[in-house]
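None of the figures in this text is laboratory data; all of them are computed from the coordinates on show. Quick caveat: nothing in here was measured; it's all calculated off a predicted structure. Cβ atoms come from the backbone with ideal geometry, glycine included; neighbour counts cover every protein chain shown.
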Amino acid sequence: MSEFKPLVFSGVQPTGNLHLGNYLGAIRKFVALQDNNDCMYCVVDLHALTAQLVHEDMRGQIRSITAAFLAAGIDPKRHIVFNQSQVPQHAELAWIFNCVARIGWMNRMTQFKDKAGKDREQASLGLYAYPSLMAADILVYRATHVPVGEDQKQHLELTRDIAMKFNMDFMEKIRPTGLGVDITVGDEPVHAYFPMVEPLIDGPAPRVMSLKDGSKKMSKSDPSDLSRINLMDDSEAISRKIRKAKTDPDALPSEVDGLKCRPEADNLVGIFAALADKTKAEVLTEFGGQQFSVFKPALVELAVEVLAPINAEMRRLMDDPGHIDAVLRDGGERARARAEKTMTEIRDIIGFVR
């Protein structure tokens, strides 16, 4: 697609407790990707303000997300772990992107419609412009790949639109600087400063659903704690929540097609498959025809086996906030250096006086 140096970027908001869906849908992917990629993983605390302006313990939540990153296996020495607000270049580029993005593009963002609800006039401007800041988070490092859940794929498409428009608008200014590369988008040759970002969406459980309602996404904001498995849950809590998870009276099918119209069964099979690094078909080969009274204990054993070490390491790290803060400071310094290189070039391309 391009000659841009491969770089993986992604982030997690510090809002509430991380749960199994965050781990399977994001953090575990982060860990796997670091083996063969240059990676930057960010605690996106500026984005957290769109959900809740006043936080009782923002620092504690930032540290909790960082602890989860480290406990899951992300190496902050080989890669960069930082929190967004330490790098002001994110906000600077976001303003430029606010001027690049079109109102019509923003109006199509379904996440804003879902989160704003019926009273859109009372939603914050920050919530509306959230996707523009997300684009800046990624492109300030000229990242090429972003592991995201399916619900964020539309925002990645917007990031590509913003990158493409910037490249086209400033192509004649980019080319003489020697800063860009020649790429082909469709059949059109473009001398581009920003890459066309690719989403990384895979795995048998890219969207983990509520344990109480298989039609709803597992969420930190669900009032019922039984709806989710938190990464800080101990073995007893994990067991209780899985055993109480909503199911139907039928046995598990022997084939994946049999999970259609059975959202709770599909969710639990998907969770098992993701935790075991198997496909749903492989799980059903083992458990097809069995009742949930057999399947749930096996899922409990597997979930505890995978999550208990992460839980223990998170607790150890949270007891040493100075270490977490040192990781974030080091990551912030390294991230700022990369971001400032981009912004120096962007200012020159646009024509700002330095």
| In sequence order, calculated HN-Hα J values of the range 278-290 (Karplus, 6.51, -1.76, 1.60; Hz; x Gly/Pro) | 10, 8, 4, 4, 5, 5, 6, 4, 7, 10, x, x, 8
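Please return the longest range in the chain lying between exposed loop sites, taking GluC sites (Glu not before Pro), DSSP loop only, at most 10 other beta-carbon atoms within 10 Å, and leaving the sites out.
Details: sites that count: GLU3, GLU56.
My reading of the result: 57-354 is the longest stretch.
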| So who's got an amide H within less than 5 Å of the one on VAL185, skipping anything under 5 residues away but keeping other chains? H placed 1.01 Å off N, in plane. | VAL190
| Where does helix 125-139 land angle-wise versus the long Cα axis of the chain, in degrees 0 to 90, nearest 10? | 80
| Acute angle (nearest 10 degrees) that the helix 58-72 long axis makes with the longest principal axis of the chain, alpha-carbon atoms | 70
| message | Let me check against my output: what whole-number percent is the relative contact order of the chain, with C-alpha pairs under 8 Å and at least 6 apart? | response | 23
| request: Amide H neighbours of ARG228 under 5 Å, at least 5 residues apart or on other chains, H built in the peptide plane: list them. | output: LEU211
| Label ARG347 and ASP57 with points 7 Å out from Cα along Cα→Cβ: what is the distance between them in nm? | 3.9
| field | Alpha carbon centroid spacing (whole Å) that separates the range 139-166 from the range 28-47 | value | 15
| said: For a Förster distance of 22 Å, can you work out the FRET efficiency between the beta-carbons of ALA281 and ALA32, rounded to the nearest 0.05? | reply: 0.55
| field | Value at 222 nm in deg cm²/dmol, rounded to 500, when DSSP H runs of n ≥ 4 in the chain each add -39,500 (n - 2.57) | value | -16000 deg cm²/dmol
| task | Measure nothing fancy, just the Cα-based angle from helix 263-276's long axis to the longest principal axis of the chain, in degrees from 0 to 90, nearest 10. | result | 70
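Only counting other Cβ atoms within 10 Å, I'd like THR342, THR159, THR110 sorted with the fewest neighbours first.
On the way: THR342 20, THR159 28, THR110 10.
So the residues, fewest neighbours to most, are THR110, THR342, THR159.
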| field | Value of relative contact order over the range 225-317, rounded to a whole percent, pairs C-alpha under 8 Å and six or more apart | value | 37
| Hey, what does the equivalent ellipsoid look like for the range 225-317, semi-axes from the Cα gyration tensor as sqrt of 5 times each eigenvalue, largest first, whole Å? | 25, 14, 10
| task | Report the label-to-label distance for SER235 and LYS77 in nanometres (one decimal), using points 7 Å from each Cα along the Cα→Cβ vector. | result | 3.1
| said: Report, in listed order, any pair from LYS113/LYS246; LYS29/LYS220; LYS5/LYS217; LYS165/LYS216; LYS77/LYS220 with a Cα-Cα distance greater than 24 Å. | reply: LYS113/LYS246; LYS5/LYS217; LYS165/LYS216; LYS77/LYS220
| query | Whole-Hz Karplus ³J(HN,Hα) for the range 240-252, in order, using 6.51 cos²θ - 1.76 cosθ + 1.60 and θ = phi - 60°, x for Gly and Pro? | reply | 4, 5, 5, 5, 8, 4, 5, 9, 10, x, 7, 5, 5
| In the range 36-91, what trypsin sites (Lys or Arg not before Pro) fall in a loop by DSSP, with at most 10 other Cβ atoms inside 10 Å? | LYS77, ARG78
| For the chain, fraction of C-alpha pairs farther apart than 25 Å, in % | 56
| Most mobile listed residue (ALA48, ALA303, ALA326) in the chain, GNM with C-alpha springs under 10 Å | ALA326
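Between the DSSP loop rule and a limit of at most 14 other Cβ atoms within 10 Å, which trypsin sites (Lys or Arg not before Pro) in the range 153-260 are left? Mind dumping the intermediate values first?
Numbers: sites: LYS153, ARG160, LYS165, LYS173, ARG207, LYS212, LYS216, LYS217, LYS220, ARG228, ARG240, LYS241, ARG243, LYS244, LYS246, LYS260; in loops: ARG207, LYS212, LYS216, LYS220, ARG228, LYS246, LYS260.
When the trypsin sites (Lys or Arg not before Pro) of the range 153-260 are filtered for loop state and at most 14 Cβ neighbours within 10 Å, LYS216, LYS260 remain.
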| Between LEU200 and residues 5 or more places away or on another chain, which pairs have amide H atoms under 5 Å apart, with H built 1.01 Å from N, and which residues are they? | VAL146, VAL148
